[in-house]
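Structure first, commentary second.
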Amino acid sequence: MKELAPIGLTVYGRLEHTKKTVEALQKNTLAKESKLYIFSDGPKYGDEDKVKNMREYLKTIDGFKEVKIVERLENDRIENNRAGRKYLLEIYDKLIWMAEDVITAPGYLQFMNDALDFYAKSRMVVNISGYCPPINIDKNYKKDYFALPRFSAWGVGLMSKYYKVDTEIDKEIYFDILNNKTKVDDFNKKAGEEALNIMAMVEDGRIQAGDMQSTFWQVVDSKLTIYPIKSLVHNIGNDSSGVHMPTTNKWDVKELWDKTEDFEFSEDIEVDEHISNEHYNFYKLSNDKNKIENYAYYMQSINEQLENIPIEDELIVYGFGAAGRNFYYTHRDNRNIVSIIDQNKVDTKVDDIYIANIQSVNIKKNTTIVITVLKESEIDKLVKYLNMLDKNLKIIHI
């Protein structure tokens with residue numbers, strides 16, 4: 001039998017979540033043969049007791065071949081995760097990575113190890129998911145697994161041969177996709193409509209999402225994630241106790257797969273069309289622009305309006321979030337962008353332009369204001385203000 005993949009568990013202060021996660025892992029058929037590495041993040045100010053109580057509990061954990069605990073002195077969630085994954089991949093070339101809020105079925109470790117070993121040399125398959133979203137799968141589909149380009153982080157098997165969780169999204173490739181409807185549609189089909197919207201927040205620096213970074217590169221590089229036909233994990237952190245995730249039951253699964261052995265895989269990997277369509281529908285966005293914005297189509301609308309603006313006109317970009325940066329870096333070499341307005345980034349320098357507030361910008365005739373904010377209420381308020389300055393001012397917005 002090949003050496004089992006080590007389990008990397010990242011924890012902070014959610015003690016009850018962690019206990020449930022560990023107790024479920026201990027019930028796995030391969031628990032006693034597996035090494036468990038626990039990466040404990042340092043406390044934020046005021047959380048010292050939470051972390052202390054967590055670490056006291058961690059020292060009591062048994063039921064595995066080995067239990068090793070790595071305690072960070074300082075708080076850095078991202079670095080705690082990155083350093084842990086890097087450490088294990090350098091030693092083992094593979095690992096099973098989990099957060100403190102993932103409940104596993106007894107056959108989880110078996111499925112993950114079997115799949116990691118089977119696809120170790122595959123050029124297409126680059127990681128393994130323990131999660132299966134609650135989508136409708138045809139009863140005639142008899143395989144133990146299916147494949148999709150989208151990465152899933154809730155209990156994931158990683159391999160050093162292709163590790164993109166911590167690789168930043170390439171802005172040039174990303175913006176190229178957003179400015180091409182065919183590429184947007186293709187990306188959405190493979191990753192789900194909400195992926196590009198979340199990637200906008202990643203690119204903007206508002207959130208850190210390794211799952212979206214890996215998904216980006218997997219779509220670009222034509223790589224696949226293997227999923228179990230029925231979920232082997234359940235995330236109990238969708239209760240507003242963690243980072244990024246509000247209270248929701250969208251991803252809840254009714255029951256975990258009870259299979260524990262004889263998982264079968266194949267080297268002949270194809271994306272099943274029915275499952276792909278169900279996956280697409282599961283992540284489908286509303287076209288209501290007041291929802292989480294359909295970012296890609298918004299940018300296309302802006303660029304289509306720009307075609308009616310004379311090439312010699314001066315442009316002022318209002319808003320320098322992901323949409324504003326997309327517009328600026330796409331058009332800085334072919335359009336006359338003279339100013340950038342963003343109240344939250346005043347005095348930040350972009351090339352030779354200092355970002356300013358709206359009151360300090362000299363708006364001349366033959367100037368077009370390109371509004372790149374997405375909230376309708378903010379757009380309406382801004383348009384009214386600009387029309388008070390000059391009713392003939394040209395304005396582009398969604």
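Any read-out appearing in this document is the output of simple, stated calculations on the displayed coordinates, not a laboratory observation. Being a predicted model, the structure only gives us computed values, none of them experimental. For neighbour counting, all protein chains shown are included, and Cβ atoms are generated from backbone atoms with ideal geometry for every residue, glycine included.
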*Per DSSP H run of at least 4 residues, take -39500 (n - 2.57); add these up for the chain, divide by its residues and hand me the 222 nm value, nearest 500 deg cm²/dmol.*
-10500 deg cm²/dmol
*asked:* Taking R0 as 35 Å, what FRET efficiency do you get between LYS161 and SER377 from their Cβ-Cβ distance, rounded to the nearest 0.05?
replied: 0.15
*Please report TYR280, TYR385 as a ranked list, fewest other C-beta atoms within 10 angstrom at the top and most at the bottom.*
TYR385, TYR280
*Stretchable slack from ILE207 to HIS274, in nm (0.36 nm times residue separation minus alpha-carbon distance)*: 20.9 nm
*If you stretched the chain out fully between LYS171 and LYS230, how much longer would it get, using 0.36 nm times the residue separation minus the C-alpha to C-alpha distance?*
17.7 nm
*Which lysines, on any chain, are close to LYS59 with Cα under 22 Å apart, when same-chain ones fewer than 8 places away are left out?*
LYS19, LYS20, LYS27, LYS32, LYS35, LYS44, LYS50, LYS68
*Considering amide H positions built from the backbone, and no H for Pro or chain starts, which residues 5 or more places from LEU95, or on another chain, come under 5 Å of its amide H?*
LEU158
*Separation between the TYR141 and ASN362 pseudo-spin-labels, each 7 Å from Cα along Cα→Cβ, expressed in nm?*
6.2 nm
*Residues in the range 172-202 near a label at ILE78, defined as backbone nitrogen under 14 Å from the 7 Å Cα→Cβ point?*
201-202
*Quick one: order TYR12, TYR163, TYR298 by neighbouring beta-carbon count within 10 Å, fewest to most.*
TYR163, TYR298, TYR12
_Separation in nanometres of the label points that stand 7 Å from Cα toward Cβ, at LYS20 and LYS254_ = 2.0 nm
*By count of other Cβ within 10 Å, fewest leading, how are TYR141, TYR354, TYR45 ordered?*
TYR45, TYR141, TYR354
_Please compute the volume of the convex hull spanned by the alpha-carbon atoms of the range 92-223 and report it per residue in Å³._
136 Å³
_Mean projected area (nm²) of the alpha-carbon convex hull when the chain is viewed from all directions_ = 21.6 nm²
_As an exercise, use a Förster radius of 41 Å and the Cβ-Cβ distance of ASP47 and SER266 to find the FRET efficiency, rounded to the nearest 0.05._
0.30
*In whole Hz, with x marking every Gly and Pro, tabulate ³J(HN,Hα) for the range 141-151 from phi via Karplus 6.51 cos²θ - 1.76 cosθ + 1.60, θ = phi - 60°.*
7, 9, 6, 7, 8, 8, 10, 9, x, 7, 7
*Report, in whole Å, the centroid distance computed from the Cα atoms of the range 1-34 and the range 87-118.*
9 Å
*Neighbourhood charge, 11 Å Cβ-Cβ cut-off, centred on GLU273 and excluding it, Lys, Arg +1 and Asp, Glu -1*: -3
*Burial ranking of peptide ranges 339-345, 78-84, 320-326, 205-211 (average Cβ count within 10 Å, highest at the top)*: 320-326, 339-345, 78-84, 205-211
*Between GLN305 and ILE69, what is the FRET efficiency for a Förster distance of 56 Å, r being their Cβ-Cβ separation, to the nearest 0.05?*
0.50
_Using alpha-carbon coordinates, inclination of helix 193-203 to the longest axis of the chain, degrees_ = 80 degrees
*14 Å beta-carbon shell around GLU312, net charge (K/R +1, D/E -1)*: +2
*Highest-MSF residue in the chain out of LEU25, LEU178, LEU73 [GNM, Cα springs under 10 Å]*: LEU73
_Rough spin-label spacing in nm, given labels placed 7 Å along Cα→Cβ, for PHE282 and ALA120_ = 2.9 nm
*Hey, could you get me the Stokes-Einstein D for the range 295-396, Kirkwood radius over alpha-carbon pairs, 37 °C and 0.692 mPa s, rounded to whole µm² s⁻¹?*
239 µm²/s
*Determine the relative contact order of the chain: mean sequence separation of Cα pairs under 8 Å and six or more apart, normalised by residue count, in whole percent.*
15 percent
*If the cut-off is 26 Å between C-alpha atoms, which lysines fall inside it for LYS181, apart from same-chain ones fewer than 8 positions away?*
LYS164, LYS171, LYS189, LYS190, LYS223, LYS284, LYS289, LYS291, LYS375, LYS394
*asked:* Going by Cα centres, the range 46-79 and the range 150-216 are how many Å apart?
replied: 30 Å
*List the relative contact order of the range 127-275 as a percent without decimals, with contacts defined as Cα pairs under 8 Å and 6+ residues apart.*
41 percent
